[in-house]
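Shown next, in structure tokens, is the structure this report addresses.
The values are calculated or read from the model by the stated rules, or taken from the named source; none is laboratory data. Computed from a predicted structure; not experimentally measured. Glycine gets a Cβ as well: all are built from the backbone with ideal geometry, and neighbour counts include every protein chain shown. Ligands, DNA and RNA are excluded from the accessible area calculation, which covers all protein heavy atoms including side chains. Shrake-Rupley method; radii C 1.70, N 1.55, O 1.52, S 1.80 Å.
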Amino acid sequence: MNKFLPLAASMAAFVVLGGAPRAFAQTTAVTTGPWSSPSTWSAGVPTDTLSATINAGQTVSVGDSGNVTNLLDVGTASGGSGTLSVTAGDLTITDTDKVTEPNLPSIRIGQAAGSTGTFNMSGGSVFIDGDTGSGFANGDLIVGDVGTGVMNMTGGDLTAIDEMQFAIAAGSSSTVNVSGGTLHTSTSGRSILVGFGGNGALNVSGAGAVTANFDLLVAFQPGSTGAVSLADNGSITCNFMFSNSFTAAPGSTATLTQTGGTFTSNIAFVMGQGQGTTTFNHSGGSVNIPVGNGDFVVSDGGGNTSTYNISGTASVAASKSVILGTFDGANGTVNQTGGSISAGTNIRIGADGIGTWNQSAGTISGVNMFLGDFDTSNGTMTISGGTLNLSGDLNVGSELASNAPADTERQEPNPALPFPQQGQALDANGTFIVSGTGGDINVSGNLLADPDDKSDSRKAGTDKNDSTLRFILSSTGVSTIDVGLKADLDGAVIDINDAAGYFTANPAATLTLISAAGGFGNVHTLLANEMAGTGKGFALDPADVSAFNLAIVPRSGGGENLVLTKGAGGIAGDMDGDGDVDGNDFLVMQRNGYTPAQLSAFQANFGMHAVTPTAAAVPEPQALALVLLGGAAMVATRRRQPRV
């Protein structure tokens, strides 16, 4: 079940699309002119018992006070168009007669299929009255009902007592541009829907302000598309932001773009609530989730794929958690090339689904980070630049999930209970990748890459967690993971990639991979029937065993370091240090240069593997011949190069 499903499930019950106007008392614009002029209308000036229709290319202007109608349709016939212009004064949509038709106090722009309606507002005020929670077209602003609707707002104030829907029907189109003024639902109102069933867009810029009293829903129904952009000093405020809301197959498509302004989603900001895709490109301005649930979510529901790209000066402040891949089947990715993201509590990458975070610049701050949290989850974090600051623990495929109680309360899983693994993550898979020397990694608490700890339920079987710490060396080495307390690595796999040839150029060097002020050891209190770990039960990836050595050594000022050196038992010709001699080593030689002795060793040992010397390690004649020919060609090429 979707995490946020109860919050707006009633929305789907109120689908009442537009269509041909029903037969009731109405007056139609017969010429371009002011609203308050009788000559503008076919049956006199609209009233609270006389609805208004603008079509046939006519434009009606509101510039004085006291204007009223019980329903306003702009663009009511296929091939027809109409325009409403509000520059000053006021316009009220209200139906005091609750019995006689139409009982639909709303503004509908682009009301009929094939029609085009335009609403320009530069000043004044518009109030759409009606019944809150009553369904579509009662107290609502509709832009793109069944046809095409365009709204341009540069000033003034428009209040809809209930909702706003942009692009309701499949095939409808809506563009709402707010560069000034305020566009909002009332304090008793509900949602703003961008792309309910059609193709909707909301663009907020300048000093424009848009507020939904309850939620902003982007790309609501299957097959819909919704786009929201925020720039300059504009603002969008709501209690919840949901994209791909409640969509089943084939899903919907949502695009969010923010280059400036302030986006406040008071309780939760949720990308990818249902099936479909959401892409959020964020290069400037702030997203704030200040109260309540307080979560910033990238891909929430099963069958969803969401991507958040943050760069420049953009910022996210979540009062609670940042979550990637909330439920099984959800897939969330963060690509961070700048900006800042802060979580008041946990950062969960792969909560119950799949989460991937790639950081090359910018800052991340939070309390605890979980890579692979609940059962059958997968979380991957790659840091090649920027800063990661955690005031708590870094959990990589750890034995305990984010919902684990305190050590004194933790118990072994009991299959007789409804949730037998509460707090015990089973088949949680985490990978933490440090690439190059550009990252600054600070963990004030513990590093817990301990899938073997401490539960009987993980001694064997398919439910075993997986924890990988991968270090990709650059030509200058690799960043250190600084740990304020202990490092517990029971069951972790350490994977080394030296394709850059660091140890080729620096064969006697020592690199510090992890620096733990509290040393390496067991962190959690052991209860009855638990496995006592040492915190040092890690292993090199099998392909790295002969190429590298790992050692735990004393740390200056107390604690211990995990250090990496080149292995004495490596194979000659293994240029990338991964424990075998293959085509990748040939590429390293081409890129970094080589000596005649290195080339000879490579040719002699091509196909050899340091860990499992089986028949497969013997080079096939064809493969070896190709590489030898390549080596000869490379030497010949080098010999033909002129001297400088």
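For this structure, a couple of remarks:
- Members of region 230-244 that are closer than 14 Å to A314 by Cα and crowded, with 24+ Cβ neighbours inside 10 Å: L230
- Residue that is modelled with the lowest pLDDT, among those in region 117-136 that are open to solvent by less than 20 Å² (accessible area, probe 1.4 Å) and within 25 Å of A88 (Cα to Cα): G130
- Wholly within region 76-192, strands (runs of 3 or more DSSP E) carrying at least 1 residues that are of a type in the set (K, R): 107-109
- Considering residues of region 489-499 that are touching a strand residue (DSSP E or B) at 6+ places or on another chain (Cβ under 7 Å) and open to solvent by less than 30 Å² (accessible area, probe 1.4 Å) only, the residue farthest from S467 (Cα to Cα): I496
- Qualifying position, being within 17 Å of G274 (Cβ to Cβ) and buried (at least 24 other Cβ atoms within 10 Å of the Cβ), among V204, V194, V176, V210: V194
- Residues that are closer than 16 Å to L324 by Cβ, in contact (Cβ under 8 Å) with a residue 40 or more places away in the chain and either of a type in the set (A, V, I, L, M, F, W, C) or open to solvent by 20 Å² or more (accessible area, probe 1.4 Å) (or both) within region 363-389 comprise N368, F370, L371, F374, T376, N378, T380, M381, T382, I383, L388, listed in sequence order.
- Residues of region 282-303 that are under 20 Å from I354 (Cα atoms), in a strand (DSSP E or B) and of a type outside the set (V, I, T): D295, F296.
- Cβ-Cβ distances below 8 Å connect the following pairs, each with a first residue in region 314-327 that is assigned to a loop (DSSP other than H, G, I, E, B), a second residue that is aromatic (F, W, Y), and a separation of six or more residues or different chains: S321/F296.
- If you filter region 412-432 down to residues that are open to solvent by 20 Å² or more (accessible area, probe 1.4 Å) and modelled with pLDDT of 70 or more, you find that the one that is nearest to V493 (Cα to Cα) is T431.
- Criterion violated by G117 - all others in (1) in contact with a strand residue (DSSP E or B) (Cβ under 6 Å, 6 or more places away or on another chain); (2) over 22 Å from G198 (Cα atoms) satisfied: (2)
- For first residues located in region 534-562 and open to solvent by 40 Å² or more (accessible area, probe 1.4 Å), partners that are basic (K, R) and lie 6+ apart or on another chain with Cβ distances below 7 Å form the pairs I552/K536.
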